[in-house]
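Colleague: Take a look at the following structure, please.
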Amino acid sequence: MKRLLVIAVALAIFASCGKKSEIKQGPWLGVIQIDPSDKSMDLPINMNYSVNEQGVPQMVITNADEKIVIDEITKSGDTLFMKLPVFTSEIVAIFRNDSLVGKYYPKGIAAGNPYKFFALAGITDRFPWFTEKATYNVTGRWKVIENPGTPDSTIMVGEFKQNGDRVTGTFLNTTGDYRYLEGKVSGNKFFLSAVDGSHTFIITAELTNENTMENGRFMGSPKWVSQWCAERNEKIELPTNEQLVRVKKGYSTLDFAGIDMNGQQVTSKDKRFERKVVAVLAGGSWCPNCLDEARLFSKLYSKYKDQGFEVVALNFEDKTFEPSKKKMERFIKQTGANYTFLYVSPRGGAKRDSVLYPIEGQMAFPTGLLIDRLGNIRRVETGFSGPGTGEHYTKFVDETTKLIELLLSEK
């Protein structure tokens, strides 16, 4: 089936050569080839192309319940340029009515290093080259071991829902979650994929029985590759946040400083933060979990700012402010974030640990702090599990809202 799909692309291009064509509206199946030497890990994505009454084109990428709207679309001759929202990834492809052939640039055209990309119109099945009906149902919680038997081995939690052959879900680990994943079970084979502008994920495994997955493979880039296995375990839990990070003994507050979007120095000692409850979010414009965090804290800031609530993003970006500013401004605009963003440092774990000097443990991007009106750190949170995790996200939102209200009540 996969070979037929490739042949279909070639035939579509050949049949359309020399003819004026328009991009077909409706569903499309896109395929990103992360590693040309391993076509078994080609990454499929569901897309839908439309043009409104004003002639404005739009491509929507779907990952489970997430819809990523691409409206930065331009044409030059028979070439289509699409810039994904929030992050810097881009698609450049030649179009021939019902086919697209080109490249996916995970970090933008300027950064180079593209992946091969093609798409065919009219296909809605995410993995059409696998047609066998599902032998097993994977709905539930799974204990996932990444890189088993190696020094890099880690425990994750897989949470999946299966309806017929279609599967949605995510993986949770101590740094957050893999966001919205979608795929299928075909026979005893398990598949998930996602493209969100930052992540490019293809995940596969084999079900040896209804409770066991083996020969799992994960690919996020040619260098980001791992093996995994899993066992069904409804009681599996990750370490609690308190087990992962904490305030060091002898410390109670955080002093920070950075450059805002106007190029001005801002510090925690500024009057705007005096006697305020402050959420400090350490992350970056490149971070997909920071995207989910920004959307949540934008809502919280709008709700509580008049009561004395401030939010500050400490961004770890490029080596200098100017190139970082462009990426941060794009992130702010695309997410609708309405609070203070500061450039504090180049990206890196050591830099993060230096800026967040009162905190110890297994910090990740993002790491968030809630600070009371007296400047005391009242909570530290490492990683972020977004709306793709369902009840985990709902619980976090509820706990965070209640804590903010408590801190605001402390005059």
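Here, each number is a calculation from the coordinates, and none is a lab measurement. Worth saying up front: this structure is predicted, and the values here are computed from it rather than measured. Don't worry about glycine lacking a Cβ; one is built from the backbone with ideal geometry, like all the others, and counts go over all protein chains shown.
Colleague: Please give me, ordered by residue number, the trypsin sites (Lys or Arg not before Pro) of segment 250-302 that lie in loop per DSSP and have at most 14 other Cβ atoms within 10 Å. Write out the running numbers ahead of the final one.
Modeller: Numbers: sites: LYS269, LYS271, ARG272, ARG275, LYS276, ARG295, LYS299; in loops: LYS269, ARG275, LYS276.
Those satisfying the criteria are LYS269, ARG275.
Colleague: Another question about this same structure. Tilt of helix 391-409 relative to the longest C-alpha principal axis of the chain, in degrees (0 to 90, nearest 10)?
Modeller: 20 degrees
Colleague: Moving to a separate point now. Over segment 254-313, what is the relative contact order in whole percent, taking alpha-carbon pairs under 8 Å and six or more residues apart?
Modeller: Numbers: 46 pairs, mean separation 21.2, N = 60.
So the answer I get is 35 percent.
Colleague: What spacing in nm lies between the two simple spin-label points modelled at LYS271 and GLU210, each 7 Å away from Cα in the Cβ direction?
Modeller: With each label placed 7 Å out from Cα toward Cβ, I get 6.8 nm.
Colleague: Further, regarding this structure: Applying the Karplus parametrisation 6.51 cos²θ - 1.76 cosθ + 1.60 with θ = phi - 60° to the phi angles of segment 269-274, what ³J(HN,Hα) value in whole Hz is obtained for each residue in order, glycine and proline being reported as x?
Modeller: Once rounded to whole Hz, the list reads 7, 4, 4, 4, 9, 5.
Colleague: Where does each of 199-207, 342-350, 212-220 land if you order them by average Cβ count within 10 Å, highest first? All intermediate terms of the calculation are to be shown ahead of the outcome.
Modeller: Values: 199-207: 21.4, 342-350: 16.9, 212-220: 18.4.
So the peptides 199-207, 342-350, 212-220, ranked by packing, come out 199-207, 212-220, 342-350.
Colleague: Write out the chymotrypsin sites (Phe, Trp or Tyr not before Pro) in segment 237-276 meeting two conditions: DSSP loop, and at most 15 other Cβ atoms within 10 Å of their Cβ. Each step should come with its number before you reach the end.
Modeller: On the way: sites: TYR251, PHE256, PHE273; in loops: TYR251, PHE256.
Answer by residue number: TYR251.
Colleague: Can you tell me the length gained on complete extension of the stretch LYS161 to ASP306, counting 0.36 nm per residue apart and subtracting the Cα distance?
Modeller: Value of the extension gain: 48.1 nm.
Colleague: Then there's this: Could you order the peptides 55-68, 312-325 from most to least packed, using the average number of other C-beta atoms within 10 Å per residue?
Modeller: 312-325, 55-68
Colleague: Additional query: For the Cα atoms of the chain, what angle does the longest principal axis make with the long axis of helix 288-304, in degrees from 0 to 90, nearest 10?
Modeller: 50 degrees
Colleague: Only Lys, Arg, Asp and Glu count, each charged at its Cβ (+1, +1, -1, -1), so figure out the dipole size of segment 348-401 about its Cα centre, rounded to 20 debye.
Modeller: Working: 6 positive and 7 negative charges, 39 e Å.
So the dipole magnitude of segment 348-401 works out to roughly 180 debye.
Colleague: Oh, and also: Angle, helix 321-335 long axis vs. longest principal axis of the chain, Cα atoms, 0 to 90°, nearest 10?
Modeller: 70 degrees
Colleague: A further question follows. Taking segment 89-126, which trypsin sites (Lys or Arg not before Pro) meet the DSSP loop condition and have no more than 16 other C-beta atoms within 10 Å? Mind dumping the intermediate values first?
Modeller: On the way: sites: ARG96, LYS103, LYS107, LYS116, ARG126; in loops: ARG96, LYS107, ARG126.
Taking segment 89-126 and a limit of 16 other Cβ atoms within 10 Å, the loop trypsin sites (Lys or Arg not before Pro) found are LYS107.
Colleague: Roughly speaking, what is the stretch gain from ASN376 to SER252, that is 0.36 nm per residue apart minus the C-alpha to C-alpha distance, in nm to one decimal? Write out the running numbers ahead of the final one.
Modeller: Values: separation 124, 0.36 × 124 = 44.64 nm, distance 0.53 nm.
Working it through step by step, the gained length comes to 44.1 nm.
Colleague: Whose amide H sits under 5 Å from the amide H of LEU80, counting only residues 5 or more places off or on another chain, with H placed in the peptide plane?
Modeller: ALA93, ILE94, PHE95
Colleague: What is the packing order of peptides 234-246, 133-145, taking the mean over residues of other C-beta atoms within 10 Å and listing the highest first? Each step should come with its number before you reach the end.
Modeller: Numbers: 234-246: 12.8, 133-145: 17.2.
Top of the packing list down: 133-145, 234-246.
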